[in-house]
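The values are calculated or read from the model by the stated rules, or taken from the named source; none is laboratory data. Given the structure is predicted, the values throughout are model-derived calculations rather than measurements. Here Cβ is always computed from backbone atoms with ideal geometry, including for glycine, and neighbour counts include all displayed protein chains.
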């Protein structure tokens, strides 16, 4: 733990998915815009205009449909191909402002600005913001402080400022600043903890900062005292430039319409396995255990509700799509029951290990032979070059009747020749 | 997107162990040639009409760099009337205009009179199939 000279900037993209949609579609600038989660379920990104209409984050789409209709709110389904590419561009742009950077999520990154002189920090923040906007078209907000938690708090306020940058380093009135931040807006304070704090008279970030450490330790957990320490300017969380490799990999989807047939579930599970296997091969990992699960909607009452899952331990770790699919389908068949309307299915790959040593096992049906490994490499290579699912497995289905609803998706992908944005000449 | 072409300095004959192997230079990387600034460069497809004066045709691919500042006679992508449109930027006596590529005055848009119009990026290359 250091009481420190760290200078950490949290750069956060404003209404990121909406901003991505606006990049190639200027007709929705300055208008209320929302982006819906997969299956067009909930609102997951809102423009400022949509926020001021009272549309809340995470609200189910059907609940806001009336506001949407009355105010002509432009609505989009997710287009993660586009958001992913724009995110990579934002991160690459940020990278040149600091040698040490932690990509925290698709639209947020911590930058280490310790080499910048205090008096130049604000200016540097403006420069970062201006460059990201010019290069990628994405507006951002920046909070600069001595710890991650404080930079989050600074960012929270920066979002509401026209300048878009807040610097807390050497700020004399830091206590005033923290009094203006509600306890539930402090990074790391969840819903349960908020309730507990408020009950005990802790209403703002400042209140938590001033609370005695022994009380916090006794009444919360290690995370609670860590947050308080960070608010006091003691760094407990360091920048983590290298993402840790994942320990498991879950792919699941709700269906666009209710699914009853085993063959449709087979298609879905096969597709999920292909996606997950591709991800773990990219990370150079192998799988030791597969979990397959299916469930009907929780709103199906009584006898109509069914949910089950099945674990399969593999004799050796593998990343071979074909072997994984075979195992997963057998597991699916063992838990499938006729007569139910399934709403969701998915797989979890666990026991992920580095693939540097491919295990061999003479007596196992999976043996990671050279040919199979090469086939997988060829599939991945082809799909990277010609787009997802250029090469697939027939079992994954072509029509994918069960696939998610994406009624309002923009069909732009800046990283794929077939779906590039277009311009006109006049 | 990755495309590498081996660049041979001499024609290669068949049958005989190639004496040209020693002359194979580094692969040509068209991406490196066409894209100077990766995060700010976008490929955009032209839809509809052509702009013959500048050599841009329907269905061409434009390499557009957002990080560049347009110069006089730069071809740019501009946000005009809520649409992205290809234009030529002309600077005259401290004023900037957008034109459709021709030098005729009638289609000029004066940028200082239309502050809502913004430059989206500068076109650096056109990729045209023959």
Filter result for the condition that a residue is within 30 Å of residue A:330 (Cα to Cα) and part of a loop (DSSP other than H, G, I, E, B), over A:247, A:295, A:279: A:247
Could you list, in sequence order, all residues of the range A:156-187 that are part of a loop (DSSP other than H, G, I, E, B) and either in contact with a strand residue (DSSP E or B) (Cβ under 9 Å, 6 or more places away or on another chain) or in contact (Cβ under 8 Å) with a residue 40 or more places away in the chain (or both)? A:159, A:160, A:161, A:164, A:168, A:169, A:170, A:171, A:180, A:181, A:186, A:187
Checking residue A:30 against (1) over 30 Å from residue A:225 (Cα atoms); (2) modelled with pLDDT of 95 or more: exactly one of these is not met. Which one? (2)
Yes or no: the range A:101-124 includes at least one residue that is assigned to a helix (DSSP H, G or I), free of Cβ contacts under 8 Å to residues at least 24 places away in the same chain and within 14 Å of chain B (Cβ to nearest Cβ). no
Among (1) at pLDDT below 85; (2) within 14 Å of chain B (Cβ to nearest Cβ); (3) surrounded by 14 or more Cβ atoms within 10 Å (Cβ to Cβ), residue A:381 falls short only on (3)
Can you tell me which of (1) modelled with pLDDT under 95; (2) more than 30 Å from residue A:123 (Cβ to Cβ); (3) surrounded by fewer than 22 Cβ atoms within 10 Å (Cβ to Cβ); (4) more than 14 Å from every other protein chain (Cβ to nearest Cβ) is the one residue A:6 doesn't meet? (2)
Which of the residues belonging to the range A:50-60 are assigned to a helix (DSSP H, G or I) and crowded, with 20+ Cβ neighbours inside 10 Å? A:50
Take the residues in the range B:39-79 that are within 15 Å of residue B:109 (Cα to Cα) and at the interface with another protein chain (Cβ under 8 Å from one of its Cβ atoms); name whichever of them is surrounded by the most Cβ atoms within 10 Å (Cβ to Cβ). B:77
Where residue B:101 falls short, out of the listed (1) surrounded by fewer than 18 Cβ atoms within 10 Å (Cβ to Cβ); (2) at pLDDT below 85; (3) at the interface with chain A (Cβ under 9 Å from one of its Cβ atoms): (1)
